[in-house]
Number of protein chains: 2
Amino acid sequence: MTQSTIRLGIIGHGAQGGNYSSFLSQGRVSNTTLAAICDVDEGKRAKADEYGVPFFSEYLELLDSGVVDAVVTTVPHYLHPEVTMAALDRGVHVLVEKPAGVYTKQVRQLLDHAASKPELTTAIMFNQRTNPLYQDLRELVQSGELGKLRHTNWIITTWWRPQGYYDQSEWRATWGGEGGGVLVNQAPHQLDLWQWICGVPKSVFAKLAFGFRRDIAVEDEVTAVVDFGEGATGTFITCTHDLPGTDRLEILLDGGKIVVDKSNTVTVTRLSAPEQELSKSMDMSDVMRIFSGGADTSTLMSTTSKTYDSSWGDQHPTVIENFSANILDGTPLIAPVEDGMHGVRLANAIHLSGWTGAEVSIENFDEDRYLAELNRRIADEGKFDVRTEN
Amino acid sequence: MTQSTIRLGIIGHGAQGGNYSSFLSQGRVSNTTLAAICDVDEGKRAKADEYGVPFFSEYLELLDSGVVDAVVTTVPHYLHPEVTMAALDRGVHVLVEKPAGVYTKQVRQLLDHAASKPELTTAIMFNQRTNPLYQDLRELVQSGELGKLRHTNWIITTWWRPQGYYDQSEWRATWGGEGGGVLVNQAPHQLDLWQWICGVPKSVFAKLAFGFRRDIAVEDEVTAVVDFGEGATGTFITCTHDLPGTDRLEILLDGGKIVVDKSNTVTVTRLSAPEQELSKSMDMSDVMRIFSGGADTSTLMSTTSKTYDSSWGDQHPTVIENFSANILDGTPLIAPVEDGMHGVRLANAIHLSGWTGAEVSIENFDEDRYLAELNRRIADEGKFDVRTEN
């Protein structure tokens, strides 16, 4: 490809789409230009006029117009697969907004479709992967320097949302319109990062509370325990009703421990040898000395701490730039669309465990049962049509 | 009772019993004197001679001797009920070492027996309840000032034990000799404190790893999620293989949040009104202002922090003094023996969930099934006799 910039269309000009058109129109993504805006709300035409780009109220017209090389799907989660597949069918590259879909069956269809179009780029907006903190953390864990995982615990409750947020529109926080609560809307970032860093768990058991402290149908409180196999486990706590909020990730490995506070400070304790080796050479008198402060623990472990600057404002432009660079010159993607499956499957499995009260396999996830249970809730709700397979 | 001091006998002069006889012989408990030592190991007679108190190798002889008013049961956990009941039958008051027993059926027998002897004092050594930090914390939560519980998470992995600790004796970390691992030996303190502060959960699901990073038969790694009812949940993580160790307790309530770090620093965030009321009066623009730092959050919440001095060395003497005071003048007990049931039942339920892979009711705990499953493990191990009911 000899062109040097990608013409990007925005499908869905709500809060997130509006954010993208704003920074694109300011020229903040060097290899990408804002080329068109699409929204079912005609009222958004004024914004397109302001930016001097064509407006479409029908996304297929935008895709057929020839004015874009690529689109980003800032539409309600359920529509991500449908819009993505239509774009790919027309030779248009797609940056899929997270989550890739609401349930694994529709995400699988999206992925199969994308795989059948290898000449097109399909990526997903996991903007938090561009955070240097999480990139360093993944590198540290995946390098194996600290050995195998023992357990990991993430309390991520900094997703406070007031009742007014849920009352903004009819589809929000419904089974039929949004497909879930904090697991589908807010926590997908951490559901991705956690698995990106620590690996994909094999099963999950979860306690969910639906409309716990908000007047909504879906979950605003989640406590999940996952099994990574070979005795390694994890817990994931999230909610939208914790105003002070906690963001604390701990990872215990054979060779040390990592604690990330507030997504900005990483404290790494490195043991001088794998913990089991240290264990074999010590007895209870050593324990008494260590815990009474009478031993020099610097021979056993050392701790370093690093605080990262916030990278928040640059994350979305960086993902769009990377997406366009992949189209232009094959630069490896930060988040290929296939990676979108993990977060949706874990969120689905957490839902299914919460609904059934039983542990749920992630390795052999029963996606038919999930869709049937989801549809039962959509039908009971009575506001939206039940979902067919896609 | 007109006497002013209690003559205390120590049954079982191992590490803990030796600690008690040491500080009692130093006169550190004003209302209690060391009156006798009992151990199956004749080698401990020298210590009794040193302290100038009678030595018994048979605990029934000590109980019948008339030289003690009360005893403390620093014997292997399985024996606590048997020794306690024999003492009560002889009119001797008992301070039961924690845990009250290994399984709920034997603890129930102990409690029934104690209840039939209301004229005698039966208490349990929950020494950490004397820690002013946990007393203040319980008062704060139980007072209702911060409203109802939403969730609570305790990572308590400061119980590091090397392989040499487990290799000290044959009974340690076996099903037949000890009845479990970290849940039975180290974590009972926190299993008690957690329920004392936050309430008794209704059910539990747990992932346990047995001999995970130690060469033992029992659990050295525990991840449990509990359900307190009405959507409130908790997680409890403990292990004996985390050398740096974490001790972090978080409690989220309707009116604020409490975080306890390292069992010495308590940070309390109080909301200016119950969170649901604040939620109802705010919308997404408030959220953006708060999280971008553009709002004055002091009108929404205030945070205080307090660091406590270590009370470690005084805890056990304080419990013994309280126990003796209860005998002498009816001073209310810090930990009546009935309170010993909660921790044993929760530990049993965590075991049973880990063994069966299913959520286990605590409210209607199936103690017959627990004992059957425990006995199956004792039989497979082949080192000790299976347990009858007591």
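The values are calculated or read from the model by the stated rules, or taken from the named source; none is laboratory data. For clarity, every value in this text was computed on a predicted model and none was experimentally measured. So basically every Cβ, Gly included, is an ideal-geometry build from the backbone, and we count neighbours across all protein chains shown.
A compact table of results
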| item | result |
| --- | --- |
| Qualifying residues in the range B:303-329 (those that are over 25 Å from B:Q3 (Cβ atoms) and more than 14 Å from chain A (Cβ to nearest Cβ)) - the one surrounded by the fewest Cβ atoms within 10 Å (Cβ to Cβ) | B:D309 |
| Conditions (1) surrounded by fewer than 24 Cβ atoms within 10 Å (Cβ to Cβ); (2) touching a residue at least 60 places away in the same chain (Cβ under 8 Å); (3) farther than 30 Å from A:P162 by Cα; (4) out of contact with any helix residue (DSSP H, G or I) (no Cβ under 6 Å at 6 or more places or on another chain); number of the one not met by B:Q195 | (4) |
| Meets criteria (within 14 Å of chain A (Cβ to nearest Cβ) and of a type outside the set (F, W, Y)) for B:D192 | no |
| Unmet requirement for A:F55, which otherwise passes all of (1) touching a Lys or Arg at 6+ places or on another chain (Cβ under 7 Å); (2) of a type outside the set (A, V, I, L, M); (3) surrounded by 23 or more Cβ atoms within 10 Å (Cβ to Cβ) | (3) |
| Some residue of the range A:332-343 being within 14 Å of chain B (Cβ to nearest Cβ) and touching a residue at least 60 places away in the same chain (Cβ under 8 Å) | no |
| Flag for B:A187 being buried (at least 24 other Cβ atoms within 10 Å of the Cβ), at pLDDT 95 or above, over 30 Å from A:L146 (Cβ atoms) and among the aliphatic types (A, V, I, L, M) | no |
| All positions within the range B:211-242 that are over 15 Å from A:L149 (Cα atoms), crowded, with 24+ Cβ neighbours inside 10 Å and without any contact (Cβ under 8 Å) to a residue 24 or more places away in the chain | B:V225 |
| Selected residue (only one of B:I155, B:I216, B:I197 is β-branched (V, I, T) and closer than 26 Å to B:N364 by Cα) | B:I197 |
| Single match in A:V222, A:V182, A:V226 (criterion: more than 8 Å from chain B (Cβ to nearest Cβ), in contact with a Ser or Thr (Cβ under 7 Å, 6 or more places away or on another chain) and closer than 22 Å to A:K383 by Cα) | A:V182 |
| Residue match in the range A:144-152 (condition: free of Cβ contacts under 8 Å to residues at least 24 places away in the same chain and closer than 28 Å to B:V225 by Cβ) | no |
| Within the range A:257-301, tally of residues that are buried (at least 17 other Cβ atoms within 10 Å of the Cβ) and away from chain B (no Cβ under 11 Å) | 3 |
| Tally of residues being among the charged types (D, E, K, R), part of a loop (DSSP other than H, G, I, E, B) and away from chain A (no Cβ under 14 Å) across the range B:344-372 | 2 |
| Residue in the range B:229-256 that is nearest to the chain's Cα centre (by Cα), counting only those that are among the aliphatic types (A, V, I, L, M) and more than 9 Å from chain A (Cβ to nearest Cβ) | B:L249 |
| Strands (runs of 3 or more DSSP E) completely within the range B:42-145 that count 1 or more residues being among the small types (G, A, S) and either under 27 Å from B:C198 (Cα atoms) or more than 17 Å from the chain's Cα centre (by Cα) (or both) | B:70-73, B:122-124 |
| Residues of the range A:169-184 satisfying the condition of being modelled with pLDDT of 95 or more and touching a helix residue (DSSP H, G or I) at 6+ places or on another chain (Cβ under 8 Å) | A:A173, A:T174, A:W175, A:G176, A:G177, A:E178, A:G179, A:G180, A:L183, A:V184 |
| Single match in A:P118, A:P76 (criterion: over 16 Å from A:M341 (Cβ atoms), without any contact (Cβ under 8 Å) to a residue 24 or more places away in the chain, surrounded by fewer than 21 Cβ atoms within 10 Å (Cβ to Cβ) and of a type outside the set (S, T, Y)) | A:P118 |
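For (1) touching an Asp or Glu at 6+ places or on another chain (Cβ under 7 Å); (2) away from chain A (no Cβ under 14 Å); (3) within 18 Å of B:T233 (Cα to Cα), each residue gets a yes or a no:
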{"residue": "B:N127", "(1), (2), (3)": "no, yes, no"}
{"residue": "B:P132", "(1), (2), (3)": "no, yes, no"}
{"residue": "B:V141", "(1), (2), (3)": "no, yes, yes"}
{"residue": "B:R161", "(1), (2), (3)": "no, no, no"}
